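Worksheet for the structure shown next.
The values are calculated or read from the model by the stated rules, or taken from the named source; none is laboratory data. It should be emphasised that the depicted structure is a prediction, and the values quoted were computed from it without experimental measurement. Note that each Cβ is placed from the backbone with ideal geometry, even for glycine, and that neighbours are counted across all protein chains shown. Surface accessibility is based on the protein's heavy atoms, side chains included, excluding ligands, DNA and RNA. Shrake-Rupley method; radii C 1.70, N 1.55, O 1.52, S 1.80 Å.
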Amino acid sequence: MNYKNSIYVGVGGSGIKTIQKVKQAFKDSNNGVVPPQIKFLCLDTDADSLDSLENIDLEEKLSLAVEDPAGRYEFEMNKHQSDMFKYYPRTNV
């Protein structure tokens, strides 16, 4: 079967679970291999969750972890002095 170049992106826990199932479906229907035109990318802020994934190769994982989220929040709030921060209360950081 011919496949067009495609990339499947999963964001967060549910998205990544979906990617795992889609990748397995490709393997199941192609003699255990993913066609070379098909790529996967899993994004998560939890690096430990990414590290523990099965059936996902290292180059298919990208951690979006933020170190010191409270400090980053303060920096951005002071830098922009914007009303947008009323939608992101400090208690959520």
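Please indicate, with yes or no, whether at least one residue in the stretch 21-43 is more than 20 Å from the chain's Cα centre (by Cα), surrounded by 11 or more Cβ atoms within 10 Å (Cβ to Cβ) and closer than 30 Å to Tyr88 by Cα. Checked the stretch 21-43: no residue is more than 20 Å from the chain's Cα centre (by Cα), surrounded by 11 or more Cβ atoms within 10 Å (Cβ to Cβ) and closer than 30 Å to Tyr88 by Cα. Output the residue which, of all residues in the stretch 44-70 that are under 18 Å from Gly10 (Cβ atoms) and of a type in the set (A, V, I, L, M, F, W, C), is most open to solvent (accessible area, probe 1.4 Å). Here the residue is Leu58. Every condition in (1) hydroxyl-bearing (Ser, Thr, Tyr); (2) open to solvent by less than 40 Å² (accessible area, probe 1.4 Å); (3) within 30 Å of Tyr3 (Cβ to Cβ) is met by Tyr73 except one, and the failing one is (3).
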